[in-house]
Amino acid sequence: SAQALGTARRLLHKFEFPTNRWDQRISVLSGGEKRRLQLLSVLSKNPNFLILDEPSVDLDLPTIQALEAYLTEEFRGVLLVVSHDRFFADKVADHLFVFQGNGEIKDFQGTLSEYATALISLEEGGRSDDAINKKADHRDERAKRNEERNAIRRAKKDMDNLERSIE
């Protein structure tokens, strides 16, 4: 359908898949392109529940950045991420289930960095109020970084649209 074709093209652009590769056979694609195409085939189905197991291990940096942008700007569903990559986790998750061992799971509202800050504060003998204040400060900083990043993306998108209209 036209809508599916539009979604496929949008995702191919978003994940920086070169247009000269769109019509080629999968067998001639590089390993990284095949992984990216596999990811796009899942995302094109518009899932409402997505499980990512260590996504930053198998993906190159531009694909990880495109995935982060997709997950934070477009994905409207439940995202379950298993990751040791703090930067990726901070960008895409704001609610953690921390497996403590022995069947104990801690429910934490915040990012992985906020959780680490709270743990350090508690280990240093700080009051839980201090941890909460540090968490709020970190959340404000994160919101500011996200706002700046989104403004840059909007400006780039506007510039791309302007270039297309000039052509």
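The values are calculated or read from the model by the stated rules, or taken from the named source; none is laboratory data. Every value quoted in this text rests on a predicted model; they were computed, and no experiment measured them. Positions of Cβ are generated from backbone atoms using ideal geometry, with glycine treated the same way; all protein chains shown enter the neighbour counts. Only protein heavy atoms, including side chains, enter the accessible area calculation; ligands, DNA and RNA are left aside. Shrake-Rupley method; radii C 1.70, N 1.55, O 1.52, S 1.80 Å.
Structure notes:
- Residue under evaluation Asp53, criteria (1) without any contact (Cβ under 8 Å) to a residue 12 or more places away in the chain; (2) loosely packed, with under 11 Cβ neighbours inside 10 Å, criterion not met: (1)
- Residue ranges of strands (runs of 3 or more DSSP E) in segment 33-139 with at least 2 members at pLDDT 85 or above and within 25 Å of Ala4 (Cβ to Cβ): 49-53, 78-82
- Scanning segment 65-83 for residues that are open to solvent by less than 50 Å² (accessible area, probe 1.4 Å) and under 18 Å from Arg154 (Cβ atoms) turns up Ala66, Glu68, Ala69, Tyr70, Leu71.
- Segment 1-44: number of residues that are over 18 Å from Ala69 (Cβ atoms) and either touching a Gly at 6+ places or on another chain (Cβ under 9 Å) or in contact (Cβ under 8 Å) with a residue 40 or more places away in the chain (or both): 1
- Qualifying positions in segment 1-32 - at pLDDT below 80, open to solvent by 40 Å² or more (accessible area, probe 1.4 Å) and within 19 Å of the chain's Cα centre (by Cα): Glu16
- Tabulated pairs, segment 87-111, first within 14 Å of Asn146 (Cβ to Cβ) and without any contact (Cβ under 8 Å) to a residue 12 or more places away in the chain, second open to solvent by 30 Å² or more (accessible area, probe 1.4 Å) and not hydrophobic (A, V, I, L, M, F, W, C), C-beta under 6 angstrom, 6+ apart or interchain: none
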